[in-house]
1. Of the residues ILE161, ILE177, which single one is within 21 Å of HIS240 (Cβ to Cβ), outside the structural domain of HIS271 (by TED's automatic domain parsing) and assigned to a strand (DSSP E or B)?
2. Spot the failing condition for ALA245; the list is (1) among the hydrophobic types (A, V, I, L, M, F, W, C); (2) more than 22 Å from the chain's Cα centre (by Cα); (3) more than 30 Å from LEU36 (Cα to Cα), and only one is missed.
3. I'd like the residue in segment 298-307 that is assigned to a helix (DSSP H, G or I) and surrounded by fewer than 16 Cβ atoms within 10 Å (Cβ to Cβ) and, out of all such residues, is nearest to the chain's Cα centre (by Cα).
4. Have a look at LEU114, LEU72 and point out the one that is of a type outside the set (Asp, Glu), in the same structural domain as THR267 (by TED's automatic domain parsing), buried (at least 23 other Cβ atoms within 10 Å of the Cβ) and assigned to a helix (DSSP H, G or I).
5. Taking ALA274 and the conditions (1) in contact with an Asp or Glu (Cβ under 7 Å, 6 or more places away or on another chain); (2) aliphatic (A, V, I, L, M); (3) on the phi > 0 side of the Ramachandran plot, which numbered condition does it fall short on, given that it satisfies the others?
6. Report those helices (runs of 4 or more DSSP H) wholly inside segment 210-289 carrying at least 2 residues which are in contact with a Leu (Cβ under 7 Å, 6 or more places away or on another chain) and either of a type in the set (A, V, I, L, M, F, W, C) or surrounded by fewer than 19 Cβ atoms within 10 Å (Cβ to Cβ) (or both).
7. On the basis of being among the small types (Gly, Ala, Ser), more than 22 Å from ASN101 (Cβ to Cβ) and in contact with a Pro (Cβ under 7 Å, 6 or more places away or on another chain), does ALA4 make the cut?
8. In the list LYS169, LYS230, which residue meets the criterion of being at pLDDT below 95 and closer than 25 Å to GLY251 by Cβ?
Amino acid sequence: MKLAVTLGEPAGIGSELLKQLGSELNDCVLVGDPQLIHRQLPRFPTERIEAVNLVEPSVLGQLNTANAQYVLDTIKIAAEGCLDGRYDAVVTNPIHKGIINDAGIPFSGHTEYLAELTGTKDVVMMLLNKVMKVALVTTHLPLKDVAQAITIKKIQSVIQIMIKDLQTKFAITNPHIAVCGLNPHAGEGGHLGHEENEIIIPALDELRQHGFQLSGPIPADTLFTPSQVKYYDAILAMYHDQGLAPLKYAGFGESVNITLGLPIIRTSVDHGTALDIAGQGIANAGSLKAAIKLARDCVFNQKNHAC
(Lines give C-alpha, C1' and ligand atoms only; values in the text may rest on other atoms or scores of the structure.)
Protein backbone atom coordinates (compact mmCIF):
# COMPACT_ATOMS: atom_id res chain seq x y z
CA MET A 1 0.00 0.00 0.00
CA LYS A 2 1.23 3.47 -0.85
CA LEU A 3 -0.45 6.74 0.14
CA ALA A 4 0.27 10.17 -1.35
CA VAL A 5 0.21 12.90 1.31
CA THR A 6 0.14 16.54 0.19
CA LEU A 7 1.75 19.23 2.34
CA GLY A 8 -1.05 21.75 1.90
CA GLU A 9 -0.56 25.50 2.35
CA PRO A 10 3.21 26.02 2.87
CA ALA A 11 2.66 28.88 5.34
CA GLY A 12 0.44 26.70 7.52
CA ILE A 13 0.89 23.75 9.83
CA GLY A 14 0.88 20.93 7.26
CA SER A 15 4.58 20.11 7.25
CA GLU A 16 4.97 20.27 11.05
CA LEU A 17 2.02 17.90 11.48
CA LEU A 18 3.91 15.33 9.43
CA LYS A 19 6.89 15.66 11.76
CA GLN A 20 4.75 14.37 14.64
CA LEU A 21 3.82 11.17 12.82
CA GLY A 22 7.35 9.86 12.21
CA SER A 23 7.38 6.12 11.50
CA GLU A 24 3.61 6.18 10.87
CA LEU A 25 4.49 7.60 7.44
CA ASN A 26 6.30 4.42 6.34
CA ASP A 27 3.82 3.71 3.55
CA CYS A 28 3.49 7.37 2.52
CA VAL A 29 4.94 9.47 -0.27
CA LEU A 30 5.04 13.18 0.58
CA VAL A 31 4.03 15.52 -2.23
CA GLY A 32 5.54 18.97 -1.91
CA ASP A 33 8.71 21.02 -1.71
CA PRO A 34 11.69 18.83 -0.65
CA GLN A 35 13.30 21.64 1.36
CA LEU A 36 10.05 22.22 3.23
CA ILE A 37 9.84 18.51 4.02
CA HIS A 38 13.45 18.14 5.14
CA ARG A 39 13.14 21.21 7.35
CA GLN A 40 10.72 19.17 9.49
CA LEU A 41 11.86 15.63 8.63
CA PRO A 42 15.64 15.80 7.91
CA ARG A 43 15.96 12.03 7.47
CA PHE A 44 12.89 11.45 5.33
CA PRO A 45 13.99 9.38 2.29
CA THR A 46 14.29 11.45 -0.87
CA GLU A 47 12.92 8.57 -2.94
CA ARG A 48 9.64 8.89 -1.02
CA ILE A 49 9.21 12.53 -1.97
CA GLU A 50 7.20 13.60 -5.01
CA ALA A 51 8.99 16.90 -5.54
CA VAL A 52 6.97 20.03 -6.28
CA ASN A 53 9.03 23.18 -5.79
CA LEU A 54 7.76 26.36 -4.20
CA VAL A 55 7.74 29.40 -6.48
CA GLU A 56 8.96 31.65 -3.66
CA PRO A 57 10.34 30.82 -0.21
CA SER A 58 7.58 30.34 2.32
CA VAL A 59 7.32 32.17 5.63
CA LEU A 60 5.25 30.45 8.29
CA GLY A 61 2.07 32.36 9.05
CA GLN A 62 2.35 34.58 5.98
CA LEU A 63 0.29 33.73 2.90
CA ASN A 64 1.81 34.36 -0.51
CA THR A 65 -0.19 34.38 -3.76
CA ALA A 66 2.96 33.35 -5.65
CA ASN A 67 2.69 29.87 -4.15
CA ALA A 68 -1.00 29.35 -4.90
CA GLN A 69 -0.32 27.33 -8.04
CA TYR A 70 2.21 25.23 -6.12
CA VAL A 71 -0.57 24.18 -3.73
CA LEU A 72 -2.84 23.16 -6.60
CA ASP A 73 -0.02 21.31 -8.32
CA THR A 74 0.58 19.12 -5.28
CA ILE A 75 -3.08 18.09 -5.26
CA LYS A 76 -3.09 17.46 -8.99
CA ILE A 77 0.07 15.32 -8.92
CA ALA A 78 -1.22 13.24 -6.00
CA ALA A 79 -4.60 12.68 -7.67
CA GLU A 80 -3.02 11.75 -10.99
CA GLY A 81 -0.79 9.29 -9.14
CA CYS A 82 -3.90 7.58 -7.80
CA LEU A 83 -5.52 7.51 -11.22
CA ASP A 84 -2.50 5.87 -12.86
CA GLY A 85 -2.08 3.34 -10.04
CA ARG A 86 1.13 4.63 -8.43
CA TYR A 87 -0.75 5.48 -5.24
CA ASP A 88 -3.65 3.75 -3.51
CA ALA A 89 -5.08 6.91 -1.92
CA VAL A 90 -4.39 10.58 -1.35
CA VAL A 91 -4.40 12.33 2.03
CA THR A 92 -4.52 16.12 1.89
CA ASN A 93 -3.25 18.63 4.42
CA PRO A 94 -5.18 21.92 4.84
CA ILE A 95 -5.10 24.63 2.20
CA HIS A 96 -6.21 28.26 2.22
CA LYS A 97 -8.97 28.82 -0.33
CA GLY A 98 -8.79 32.59 -0.01
CA ILE A 99 -5.17 32.97 -1.09
CA ILE A 100 -5.77 30.79 -4.15
CA ASN A 101 -8.66 33.02 -5.18
CA ASP A 102 -6.57 36.10 -4.41
CA ALA A 103 -4.03 34.76 -6.91
CA GLY A 104 -6.73 34.98 -9.60
CA ILE A 105 -7.53 31.24 -9.65
CA PRO A 106 -11.23 30.43 -9.14
CA PHE A 107 -11.31 27.81 -6.42
CA SER A 108 -13.97 26.63 -3.97
CA GLY A 109 -12.21 23.72 -2.27
CA HIS A 110 -10.51 20.34 -2.45
CA THR A 111 -13.79 18.53 -3.07
CA GLU A 112 -14.75 20.46 -6.17
CA TYR A 113 -11.18 20.60 -7.49
CA LEU A 114 -10.71 16.84 -7.24
CA ALA A 115 -14.03 16.29 -8.97
CA GLU A 116 -12.80 18.42 -11.86
CA LEU A 117 -9.40 16.70 -11.98
CA THR A 118 -10.93 13.23 -12.10
CA GLY A 119 -13.79 14.12 -14.44
CA THR A 120 -16.38 13.23 -11.80
CA LYS A 121 -19.79 14.86 -12.18
CA ASP A 122 -21.16 14.34 -8.68
CA VAL A 123 -19.17 14.10 -5.46
CA VAL A 124 -20.14 14.25 -1.80
CA MET A 125 -18.33 15.76 1.17
CA MET A 126 -18.52 13.61 4.29
CA LEU A 127 -16.82 14.12 7.65
CA LEU A 128 -16.64 11.50 10.33
CA ASN A 129 -15.28 10.71 13.76
CA LYS A 130 -15.89 8.08 16.44
CA VAL A 131 -19.36 9.52 17.12
CA MET A 132 -20.91 10.06 13.69
CA LYS A 133 -20.55 10.24 9.91
CA VAL A 134 -22.10 13.32 8.30
CA ALA A 135 -22.47 13.98 4.57
CA LEU A 136 -23.73 17.18 2.97
CA VAL A 137 -26.25 17.89 0.22
CA THR A 138 -24.76 21.36 -0.33
CA THR A 139 -21.24 22.43 0.62
CA HIS A 140 -19.66 25.85 0.16
CA LEU A 141 -22.74 27.96 -0.55
CA PRO A 142 -24.02 31.15 1.05
CA LEU A 143 -26.96 30.32 3.28
CA LYS A 144 -29.31 32.39 1.12
CA ASP A 145 -28.65 30.04 -1.83
CA VAL A 146 -29.08 26.72 -0.02
CA ALA A 147 -32.84 26.17 -0.40
CA GLN A 148 -32.74 26.71 -4.15
CA ALA A 149 -29.86 24.23 -4.52
CA ILE A 150 -31.74 21.41 -2.79
CA THR A 151 -33.70 19.38 -5.33
CA ILE A 152 -35.13 15.87 -5.50
CA LYS A 153 -32.48 14.88 -8.02
CA LYS A 154 -29.67 16.32 -5.88
CA ILE A 155 -30.77 14.53 -2.71
CA GLN A 156 -31.15 11.23 -4.51
CA SER A 157 -27.76 11.54 -6.19
CA VAL A 158 -26.03 12.27 -2.88
CA ILE A 159 -27.73 9.34 -1.12
CA GLN A 160 -26.88 6.92 -3.91
CA ILE A 161 -23.21 7.98 -3.76
CA MET A 162 -23.27 7.62 0.04
CA ILE A 163 -24.75 4.12 -0.16
CA LYS A 164 -22.20 2.93 -2.70
CA ASP A 165 -19.16 4.26 -0.84
CA LEU A 166 -20.40 3.18 2.59
CA GLN A 167 -20.60 -0.31 1.13
CA THR A 168 -17.29 -0.32 -0.75
CA LYS A 169 -15.05 1.91 1.40
CA PHE A 170 -16.55 1.25 4.86
CA ALA A 171 -17.76 -2.36 4.44
CA ILE A 172 -21.30 -1.51 5.60
CA THR A 173 -23.55 -3.91 3.73
CA ASN A 174 -26.92 -2.17 4.11
CA PRO A 175 -26.34 1.38 5.38
CA HIS A 176 -29.04 3.10 7.43
CA ILE A 177 -29.01 6.84 6.74
CA ALA A 178 -30.78 9.55 8.73
CA VAL A 179 -31.76 12.61 6.69
CA CYS A 180 -32.09 16.08 8.23
CA GLY A 181 -34.90 18.44 7.42
CA LEU A 182 -33.96 21.83 6.04
CA ASN A 183 -36.23 24.01 8.18
CA PRO A 184 -36.73 24.21 11.95
CA HIS A 185 -38.72 21.20 13.19
CA ALA A 186 -38.37 19.73 9.67
CA GLY A 187 -40.90 22.25 8.39
CA GLU A 188 -43.55 21.61 11.05
CA GLY A 189 -45.88 20.00 8.51
CA GLY A 190 -45.48 22.89 6.08
CA HIS A 191 -45.97 25.71 8.60
CA LEU A 192 -42.22 26.50 8.74
CA GLY A 193 -41.30 25.81 5.14
CA HIS A 194 -42.35 23.62 2.22
CA GLU A 195 -39.06 21.99 1.22
CA GLU A 196 -39.66 18.90 3.36
CA ASN A 197 -43.09 18.15 1.87
CA GLU A 198 -42.27 19.13 -1.70
CA ILE A 199 -38.65 17.96 -2.09
CA ILE A 200 -37.11 15.92 0.72
CA ILE A 201 -39.99 13.50 1.47
CA PRO A 202 -40.69 12.67 -2.22
CA ALA A 203 -36.96 12.09 -2.79
CA LEU A 204 -36.73 9.69 0.15
CA ASP A 205 -39.97 7.88 -0.63
CA GLU A 206 -38.80 7.06 -4.13
CA LEU A 207 -35.46 5.71 -2.90
CA ARG A 208 -37.17 3.62 -0.22
CA GLN A 209 -38.99 1.79 -2.98
CA HIS A 210 -35.56 0.56 -4.11
CA GLY A 211 -34.82 -0.89 -0.68
CA PHE A 212 -32.71 1.90 0.80
CA GLN A 213 -32.83 2.27 4.59
CA LEU A 214 -33.65 5.94 5.10
CA SER A 215 -35.07 7.76 8.11
CA GLY A 216 -36.36 11.31 7.91
CA PRO A 217 -36.61 14.08 7.38
CA ILE A 218 -35.69 14.52 11.04
CA PRO A 219 -35.30 17.91 12.76
CA ALA A 220 -31.58 18.56 13.04
CA ASP A 221 -31.85 19.89 16.59
CA THR A 222 -33.03 16.49 17.84
CA LEU A 223 -31.11 14.25 15.44
CA PHE A 224 -27.66 15.42 16.53
CA THR A 225 -27.87 14.04 20.05
CA PRO A 226 -25.91 11.06 21.42
CA SER A 227 -29.06 9.04 21.96
CA GLN A 228 -30.03 9.41 18.28
CA VAL A 229 -26.84 9.36 16.19
CA LYS A 230 -25.85 5.93 17.51
CA TYR A 231 -28.73 4.31 15.60
CA TYR A 232 -27.51 5.37 12.14
CA ASP A 233 -24.57 4.49 9.93
CA ALA A 234 -24.48 8.02 8.53
CA ILE A 235 -26.38 11.30 8.58
CA LEU A 236 -27.22 13.49 5.61
CA ALA A 237 -27.35 17.23 6.39
CA MET A 238 -28.81 19.78 4.02
CA TYR A 239 -26.06 22.39 4.36
CA HIS A 240 -22.53 22.90 5.64
CA ASP A 241 -22.95 24.24 9.17
CA GLN A 242 -26.08 22.20 9.91
CA GLY A 243 -24.00 19.04 9.77
CA LEU A 244 -20.46 20.08 10.52
CA ALA A 245 -21.04 22.22 13.59
CA PRO A 246 -22.34 19.28 15.69
CA LEU A 247 -19.82 16.87 14.16
CA LYS A 248 -16.85 19.07 15.04
CA TYR A 249 -18.23 19.69 18.52
CA ALA A 250 -18.30 15.93 18.99
CA GLY A 251 -14.74 15.39 17.81
CA PHE A 252 -12.81 18.38 16.50
CA GLY A 253 -9.17 17.52 15.91
CA GLU A 254 -10.02 13.84 15.59
CA SER A 255 -12.42 13.99 12.63
CA VAL A 256 -11.67 13.21 8.99
CA ASN A 257 -12.96 14.64 5.73
CA ILE A 258 -13.51 12.13 2.91
CA THR A 259 -14.71 12.83 -0.61
CA LEU A 260 -17.28 10.26 -1.74
CA GLY A 261 -18.02 9.49 -5.38
CA LEU A 262 -14.49 9.93 -6.72
CA PRO A 263 -12.74 7.16 -8.65
CA ILE A 264 -9.92 7.55 -6.09
CA ILE A 265 -9.78 7.48 -2.29
CA ARG A 266 -9.20 10.91 -0.75
CA THR A 267 -9.18 11.79 2.93
CA SER A 268 -8.22 14.99 4.70
CA VAL A 269 -7.99 16.73 8.05
CA ASP A 270 -10.98 18.44 9.67
CA HIS A 271 -9.24 21.78 10.27
CA GLY A 272 -7.66 24.70 8.47
CA THR A 273 -4.14 25.99 8.00
CA ALA A 274 -3.86 27.46 11.53
CA LEU A 275 -1.63 30.28 10.36
CA ASP A 276 -1.71 31.86 13.80
CA ILE A 277 0.14 28.93 15.41
CA ALA A 278 2.25 27.74 12.46
CA GLY A 279 5.81 27.02 13.52
CA GLN A 280 5.08 27.07 17.26
CA GLY A 281 5.10 23.31 17.63
CA ILE A 282 1.68 23.19 19.29
CA ALA A 283 -0.47 22.00 16.37
CA ASN A 284 -2.30 18.72 16.99
CA ALA A 285 -1.72 15.97 14.41
CA GLY A 286 -4.68 13.88 15.62
CA SER A 287 -6.86 14.58 12.60
CA LEU A 288 -4.05 13.90 10.12
CA LYS A 289 -3.27 10.63 11.87
CA ALA A 290 -6.95 9.67 11.67
CA ALA A 291 -7.09 10.67 7.97
CA ILE A 292 -4.14 8.43 7.14
CA LYS A 293 -5.65 5.53 9.07
CA LEU A 294 -9.01 5.98 7.33
CA ALA A 295 -7.31 6.05 3.92
CA ARG A 296 -5.64 2.74 4.73
CA ASP A 297 -8.91 1.23 5.93
CA CYS A 298 -10.75 2.38 2.81
CA VAL A 299 -8.07 0.90 0.54
CA PHE A 300 -8.33 -2.41 2.39
CA ASN A 301 -12.14 -2.48 2.32
CA GLN A 302 -12.35 -1.48 -1.34
CA LYS A 303 -9.88 -4.16 -2.41
CA ASN A 304 -11.77 -6.81 -0.44
CA HIS A 305 -15.09 -5.63 -1.87
CA ALA A 306 -13.73 -6.02 -5.39
CA CYS A 307 -12.59 -9.61 -4.71
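The values are calculated or read from the model by the stated rules, or taken from the named source; none is laboratory data. Keep in mind the model is a prediction, meaning the values are calculated, not measured. Glycine also receives a Cβ, built like all others from the backbone with ideal geometry; neighbour counts cover every protein chain displayed.
1. Details: ILE161 fails: assigned to a strand (DSSP E or B).
Only one candidate passes the filter, namely ILE177.
2. (2)
3. Per the criteria, the residue is PHE300.
4. One residue alone meets the criteria, LEU114.
5. Of the numbered conditions (1) in contact with an Asp or Glu (Cβ under 7 Å, 6 or more places away or on another chain); (2) aliphatic (A, V, I, L, M); (3) on the phi > 0 side of the Ramachandran plot, the odd one out for ALA274 is (1).
6. 240-251
7. When the stated conditions are applied, ALA4 does not pass them.
8. Testing whether each residue is at pLDDT below 95 and closer than 25 Å to GLY251 by Cβ leaves just LYS230.
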